[in-house]
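> Below you will find the structure I want to go over with you.
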Amino acid sequence: MAIIISIFGGLLIFCILVILLYKRGIDYDMINKRLYNISFKQKNVDLDEDLNKSLYERFAKQKLEYVIKLLTKHLPKNTKNTKKDDSLRKILRQAGMIIMPNEYLVIRMIVITTISIIFVIIGLLFQFNIITIVFMALFGVYASYTVMRFNLMSRIKKRKERLESQMPDVLDMISVNVEAGLAFEQAMSHVINNFKGPLLDELNICYREMTMGRSRRDALVLLGERCDIDDMKSFTGAVIQAGKMGISLKNVLRTQAAAIRQNRRNKVEERAMKISIKMLLPMVLFIFPVIFIVLLGPAVIKIIEMFGGM
């Protein structure tokens with residue numbers, strides 16, 4: 001009898017607990033299930049994004065960033081080279097490389113060391129003498145440094161050309177937005193959100209600086225210094241002057257766009273006029289010798305035959 005009472009008492013307590021805690025348990029299970037589904041979907045999305053990336057972005061880039069940070073921490077910090085770091089930061093920014101000067105120096109050191117080691121290994125494989133191996137190592141250091149410097153300057157040149165090519169169209173769009181009644185900052189924001197390119201990246205930085213409290217004049221001056229293009233400096237100077245004098249911005253922007261297009265046209269005409277001069281060197285080296293051979297070849301053969309017969 002005691003066993004039956006204990007069994008029914010346990011069932012009664014179980015039923016009471018189920019009735020009291022059923023709704024709470026269901027809600028708790030639903031919350032956990034939703035959290036699990038969200039986390040699982042997020043993991044799948046992250047996994048798909050990772051699989052769409054290249055091998056360099058998934059593996060090599062992370063390892064390289066880790067090595068760069070590790071070496072940067074152990075490099076001695078010299079406060080006297082702040083001007084050199086600022087100039088290097090400006091050069092990197094002009095090349096479109098958003099990295100710190102210390103990181104670039106570490107990358108350059110890794111590249112130079114790797115290339116010199118490769119040259120040393122090549123010298124050891126071909127069993128050159130010590131002097132030749134040392135010379136090859138020094139040549140590897142010089143060649144890698146020169147190639148990286150040339151690559152940096154080439155990227156700066158290409159980026160400046162893209163900036164110059166985008167300027168007239170971007171200024172026209174800003175002018176249209178200003179004519180439509182938008183302020184200069186709002187017109188910049190509208191153009192930034194609808195176009196892409198290096199010039200839009202620079203304008204985005206300028207717009208963020210102005211929204212964070214920097215004056216329009218200072219932001220535009222920094223924009224001209226970052227781009228380091230005569231057309232951009234003239235544009236920023238004209239906008240600053242228009243703000244001081246109270247001149248209509250739409251007329252200034254339209255005039256600047258027309259002036260930049262005319263400047264580009266003049267540069268193209270100048271390059272076209274230089275083509276005839278540049279063609280003289282290949283003509284002298286490759287075309288004129290062939291013409292001389294065709295014209296003077298038979299005469300030379302006859303002269304040789306005449307002197308041979310005598």
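The values are calculated or read from the model by the stated rules, or taken from the named source; none is laboratory data. For clarity, every value in this text was computed on a predicted model and none was experimentally measured. Virtual Cβ from ideal backbone geometry, glycine too; neighbours counted across all protein chains shown.
> Check Met210, Met173, Met136, Met153 and return the single one that is of a type in the set (A, V, I, L, M), assigned to a helix (DSSP H, G or I) and within 19 Å of Gly96 (Cα to Cα).
Details: Met210 fails: within 19 Å of Gly96 (Cα to Cα); Met173 fails: within 19 Å of Gly96 (Cα to Cα); Met136 fails: within 19 Å of Gly96 (Cα to Cα).
After ruling out the rest, the residue left standing is Met153.
One line per residue, one yes/no per condition, for (1) acidic (Asp, Glu); (2) free of Cβ contacts under 8 Å to residues at least 24 places away in the same chain; (3) farther than 25 Å from Leu92 by Cα:
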| position | (1), (2), (3) |
| --- | --- |
| Ile131 | no, yes, yes |
| Met136 | no, yes, yes |
| Phe139 | no, yes, yes |
| Ser175 | no, no, yes |
| Pro198 | no, no, no |
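> Looking only at segment 151-178, how many residues end up being out of contact with any helix residue (DSSP H, G or I) (no Cβ under 6 Å at 6 or more places or on another chain), modelled with pLDDT under 85 and of a type in the set (A, V, I, L, M, F, W, C)?
Qualifying residue count, segment 151-178: 1.
> Looking only at residues that are among the β-branched types (Val, Ile, Thr) and at pLDDT 70 or above in segment 76-109, which one is surrounded by the most Cβ atoms within 10 Å (Cβ to Cβ)? Give the steps one after another, and end with the answer.
Looking only at segment 76-109, we keep the residues that are among the β-branched types (Val, Ile, Thr), and these are 79, 82, 91, 98-99, 106-107.
Subset that is at pLDDT 70 or above: 91, 98-99, 106-107.
On the way: Ile91: 17, Ile98: 8, Ile99: 15, Val106: 21, Ile107: 17.
Only one residue fits best here, namely Val106.
> Let me ask something else about it. I'm checking my understanding of the structure. Among residues of segment 176-204 that are of a type outside the set (A, V, I, L, M) and assigned to a loop (DSSP other than H, G, I, E, B), which one is nearest to Gly224 (Cα to Cα)?
Ranking the qualifying residues of segment 176-204, first place goes to Gly197.
> Is it the case, given these coordinates, that Asn129 is over 23 Å from Ala257 (Cα atoms), under 22 Å from the mean Cα position of the chain (by Cα) and outside the structural domain of Ser248 (by TED's automatic domain parsing)?
Judged against the criteria, Asn129 is not a match.
> Which of the residues belonging to segment 84-124 are of a type in the set (S, T, N, Q) and without any contact (Cβ under 8 Å) to a residue 40 or more places away in the chain?
Passing the criteria: Ser87, Asn102, Thr113, Thr114, Ser116.
> Let me ask something else. Scan Ile277, Ile304, Ile291, Ile247 and give me the residue that is surrounded by 10 or more Cβ atoms within 10 Å (Cβ to Cβ) and modelled with pLDDT of 80 or more.
Going through Ile277, Ile304, Ile291, Ile247 in turn, the sole match is Ile291.
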